[in-house]
Amino acid sequence: MVVETGTPKGRGDKLPPHDVDAEEAVIASLLVDPDAIYKVAPRLKPEDFFREKNGWIYEACRTLWDRSESINQITVGHELSRSNRLEDIGGISYISRLVTDLPTAIGVEYYAEIVQRDAVYRRVISAAGEIARHAYVGGADVADVRSRAELLLTAAFQSDTLRDFVHIRELLQTYLESAEALTGPVASSSRTITTGFADLDTLLGFLKRGDLVVVAARPSLGKTSLVLNFASGAAARQGARVAFFSIEMAATQLVERMIAMESGVDSARLNFGHHSERDERKISQALGALGDLAIYFDDSAGLTVAEMRSKARQLQRERGDLDLIVVDYLQLMQSGMRNENRVQEVSYISRSLKQLARDLDVPVIACSQLSRAAEMRASNVPQLSDLRESGSIEQDADVVMFIYREDKYISREQWEKQHADRPREYPSGITQIIVAKHRNGPTGTIHLRFKEKLARFDDLLVRDDDGPDDDWGGPDS
């Protein structure tokens, strides 16, 4: 590493990480090797250079490359002259010296890697300084400082460069490893996670790691209950470790729903303590079963993207690799960014959730509200255009599924009049799960039964063994 001043007297005099020799070697290689630009352009940006004049020269090379023009001493000098920077870099003599001093154009990728690495270190140092300033200011809101710190560090390490090509052989090996994991003895190490519902797993090919899955519906159709079913199904059947972020409801309320789901005891009787001996036995058994599940709840209100990312990573460090993240629900999250309208904010949140899924290698399930548009149409079946506040949700999601219940839009009396030939087939509790987008597979509709008082979904063909205590009806978010 080259330091451009004398020996520093103290820590404050030390220059940030940089290597001028590597910077000059990159530029000189571009001037003498026509193929060098193709090797470094996807990964190196002008602002990665420590010496400003070296960044200017590299920017001129990139500009010529974008115009499909030759890159050499004459064309680069002309481009710098057009932008009034030629004299500032030291004239054409500086460019000539770079070429003369270059020992070999071989290894330009290595030089570029050094420049890029030092640029990351400088961004980290800058972020650390900014974090320190926020910490010195302090204030009552520690969560705000933590959120800003997470954003700054994430931005420092995040790279906008393009990924390199991957040979098909490597991808085939990854596929074989995934296939072996699916049939291996340890289910929790599988590359896919079960939803807990046979028909839905068949349609989706299970939940895939790195995917963003959006579960959307109008209020009171069961979004929260469905994702709770997903979480408990994955934890019970695969031993999956689940992080459940509930921004709308308290964790205690979610646990009460899970007790009702597991025990088959009406949630109203749970709340008011009207338990028979039979209920007590069922509740006791449910508590034992639920207590063994690796589900972790966070019910922080006004959760920001950075806070959620930080908490998920901390949970992963403390408890081991995560298998599933659930967010209830997307529109209640905060971006942590300022001066943005709500559409931009939701777009940022959806992109960040997708990035989180890839970074932690887990499926991320996010609940989402739908607009009122579906209720204004003759057919109330939701469409992708009904996703509320941002079209980027549809774009970022790998899977979008809607919850639709016909019994919410037509009464039993109306049904009997319209279907005189089959009046007893009123679809009470019959729920359509409409997979409207599936990036890596087919779309379609599957049917589940929903018992609202138990907050529980079942596969439609599963026999009901809960007895007459389990009535239909009741509110659900």
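The values are calculated or read from the model by the stated rules, or taken from the named source; none is laboratory data. Since this is a predicted model, take the numbers as computed values, not measurements. Quick reminder, even Gly has a Cβ in these numbers, built from the backbone with ideal geometry, and neighbours come from all protein chains shown. Protein only, heavy atoms only, side chains kept; ligands, DNA and RNA dropped before computing areas. Shrake-Rupley method; radii C 1.70, N 1.55, O 1.52, S 1.80 Å.
Ordered by packing density, taken as the mean number of other Cβ atoms within 10 Å over each peptide's residues, highest first, how do 28-34, 280-286, 76-82 rank?
28-34, 76-82, 280-286
Measure up Lys311/Lys408; Lys208/Lys451; Lys223/Lys354; Lys354/Lys453; Lys417/Lys451; Lys223/Lys282 against 30 Å on the Cα-Cα distance and list the ones that go over.
With Cα atoms farther than 30 Å apart: Lys311/Lys408; Lys354/Lys453.
First obtain the Kirkwood hydrodynamic radius of region 208-325 from its Cα pairs, then insert it into the Stokes-Einstein equation at 10 °C and 1.306 mPa s, and state the resulting D in µm² per second as a whole number.
Numbers: Rh = 15.5 Å.
The Stokes-Einstein estimate is 102 µm²/s.
Please compute the net charge surrounding Arg412, taking Lys and Arg as +1 and Asp and Glu as -1 over other residues with Cβ under 13 Å from its Cβ.
Around Arg412, the surrounding residues sum to -1.
For Val265, tell me the accessible area in Å² from a 1.4 Å probe, rounded to the nearest 10.
The value for Val265 is about 0 Å².
In a shell of Cβ-Cβ distance under 12 Å around Leu152, excluding Leu152 itself, what net charge do Lys and Arg (+1) and Asp and Glu (-1) give?
For residues surrounding Leu152, the net value is +2.
Suppose every Lys and Arg Cβ carries +1 and every Asp and Glu Cβ carries -1, with no other charges. What dipole size does region 238-358 come out with about its Cα centre, to the nearest 20 debye? Don't skip to the answer; put the middle values down first.
Details: 16 positive and 17 negative charges, 106 e Å.
Using Cβ point charges on Lys, Arg, Asp and Glu, region 238-358 gives about 500 debye.
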